[in-house]
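All remarks here apply to the structure that follows.
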Amino acid sequence: MKIYELIKPLGIVAYVALLLAFLTGVAKFKFHVRWINVKWHIWLGVIAVILATIHAIIVIYVNM
């Protein structure tokens, strides 16, 4: 597998993680859903940032 083949799937996964972090935050803090843990929201945000950073590094590396 070539490194440039990871750009699209990694970007999609990063956006999905970001969307899930947003949705858990809205559900927890606006609608007060009790079964959602704040740790899930924080971990999803951290995962989204890490995936987005890896995605950006790959894009910059491929376009050099």
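The values are calculated or read from the model by the stated rules, or taken from the named source; none is laboratory data. Quick caveat: nothing in here was measured; it's all calculated off a predicted structure. Neighbour counts are summed over all protein chains in view; Cβ atoms, including those assigned to glycine, are modelled from backbone coordinates with ideal geometry. For accessibility, only protein heavy atoms count, side chains too; no ligands or nucleic acids. Shrake-Rupley method; radii C 1.70, N 1.55, O 1.52, S 1.80 Å.
Taking the stretch 1-14 as the search range and keeping residues that are free of Cβ contacts under 8 Å to residues at least 12 places away in the same chain and within 13 Å of the chain's Cα centre (by Cα), which one is most open to solvent (accessible area, probe 1.4 Å)? Applying the filter and picking the extreme gives I12. Considering only the stretch 21-45, state which residues are open to solvent by 40 Å² or more (accessible area, probe 1.4 Å) and assigned to a loop (DSSP other than H, G, I, E, B). K30, F31, H32, R34, W35, N37, listed by residue number.
Is at least one residue of the stretch 46-55 open to solvent by 100 Å² or more (accessible area, probe 1.4 Å) and either at pLDDT 95 or above or assigned to a helix (DSSP H, G or I) (or both)?
No, the stretch 46-55 contains no residue that is open to solvent by 100 Å² or more (accessible area, probe 1.4 Å) and either at pLDDT 95 or above or assigned to a helix (DSSP H, G or I) (or both).
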